[in-house]
Amino acid sequence: MKTLTAWLNKKMPLEPLLTPSLATSSSEKLDWLEFTAFLSSSGVARLDVLVSALDQQEEEQTEDFGEEDRQKEAIVAELENEFDYRSQALGEEYPFLLSDDAEELHLVRSWEDQRAVFYFVCLLSSHLVNSPFVTFDISTGMITRLRNEVFQIVSTLAMAGVSLGPSVSIGWPRNSDETILEVLRRASAGHAGFNARAAAHPEVANPHDKDGGMDVISWRSAYRPPPLNLYFGQVASGADWKGKSAANKAKSFKAKFIELGPLGNEDYTTLTPLRIADEPLWKREHADHGSIVDRTMLPTLAYSGMQLAADGVMVDEAENLPTVLQWVADYRTEALS
């Protein structure tokens, strides 16, 4: 029997997505519907398929059909609530639409759409590892591209959206060949409200520092410098986001590379592609991180950053949007191959 099963699996590849379990959160169930629509040639995911599959997982099938209907309605209601939250939070940057009868989730913006691509980056990267329903393995190269380049690009754009002003990319590896101090001097010339050191502090900085533990700096420009706010941003593309606080890194970063300042208000932001639906966790972590940008905010902020760049504001990485678009297209190709 094992030999036959192995042969069948080889001849008949598994579907790219497993049905979520009953224990899966409503947020992850909606992720499954979004993945299904993204991978489908029709761009549609049916809620009744998901609800029926979840119903089959019930240990005890009830003979009370009224109760069974209420259980199904409760699942649909949870999905509708989560959909409404995402749709209202993201607006035009949310690429899905729930039909009026709540029977189908439709893909209404292509992953090739510059307004939608940031959401797809967040959705797909949320399930690169340890996903409750993704069955296929994404290549190491794809994961490396996301973590070393793609999410850094998206986060730099999003930090411009946070500050409504310039944003510079510090995280390693950098697409430019600038050193940390060269990036900081460019920011200083752009009225970021600090002066970079002539050289890294010899007693504090590690000579092998590549980014000093910081990924992005952005600031809200004022007609008369210094800026009203300077933001330190930490990029956290994985499940370990809770341990990556810009607030905890900023003190040592400033000691290493900044001579004067920052002047004005100082703020901290952690950026993650995850949907953090646990409200107590969400509030608790803000005490450590300063502010957190998750999937329900990041796409809109990144698109805002692109608009600022188009208006001539100094926003690093805006020219690398094609890299982001290509990564999402390559992900879909790998998933369907």
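The values are calculated or read from the model by the stated rules, or taken from the named source; none is laboratory data. For clarity, every value in this text was computed on a predicted model and none was experimentally measured. Heads up, the Cβs are rebuilt from the backbone with ideal geometry, glycines too, and the neighbour counts pull from every protein chain shown. Heavy atoms of the whole protein, side chains included, go into the accessibility calculation; ligands, DNA and RNA do not. Shrake-Rupley method; radii C 1.70, N 1.55, O 1.52, S 1.80 Å.
Within region 190-207, identify whether any single residue is within 18 Å of the chain's Cα centre (by Cα) and assigned to a loop (DSSP other than H, G, I, E, B), and answer yes or no.
Going residue by residue through region 190-207, those that are within 18 Å of the chain's Cα centre (by Cα) are none.
No - not one qualifying residue is present in region 190-207.
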Contacts under 8 angstrom Cβ, first residue in region 68-91 being closer than 16 Å to residue 28 by Cα and open to solvent by 70 Å² or more (accessible area, probe 1.4 Å), partner in a helix (DSSP H, G or I) and not β-branched (Val, Ile, Thr), 6 or more apart = 78/26; 78/29; 81/26
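Within region 271-287, is there a residue that is in contact with a Gly (Cβ under 7 Å, 6 or more places away or on another chain) and either acidic (Asp, Glu) or within 25 Å of residue 176 (Cα to Cα) (or both)? Break it down into steps so the answer makes sense when it comes.
From region 271-287, those in contact with a Gly (Cβ under 7 Å, 6 or more places away or on another chain) are 271; that's our starting set.
Filter once more, keeping what is either acidic (Asp, Glu) or within 25 Å of residue 176 (Cα to Cα) (or both): 271.
Yes - at least one qualifying residue is present in region 271-287.
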Of (1) assigned to a helix (DSSP H, G or I); (2) modelled with pLDDT of 95 or more; (3) open to solvent by 20 Å² or more (accessible area, probe 1.4 Å), residue 327 satisfies all except one. Which?
-> (3)
How about region 81-189: which strands (runs of 3 or more DSSP E) wholly inside it have at least 3 residues that are over 19 Å from the mean Cα position of the chain (by Cα) and not small (Gly, Ala, Ser)?
-> 104-107
Looking at region 272-290, which of its residues are of a type outside the set (Phe, Trp, Tyr) and either exposed (fewer than 14 other Cβ atoms within 10 Å of the Cβ) or over 15 Å from the mean Cα position of the chain (by Cα) (or both)?
-> 278, 279, 280, 281, 283, 284, 285, 286, 287, 288, 289, 290
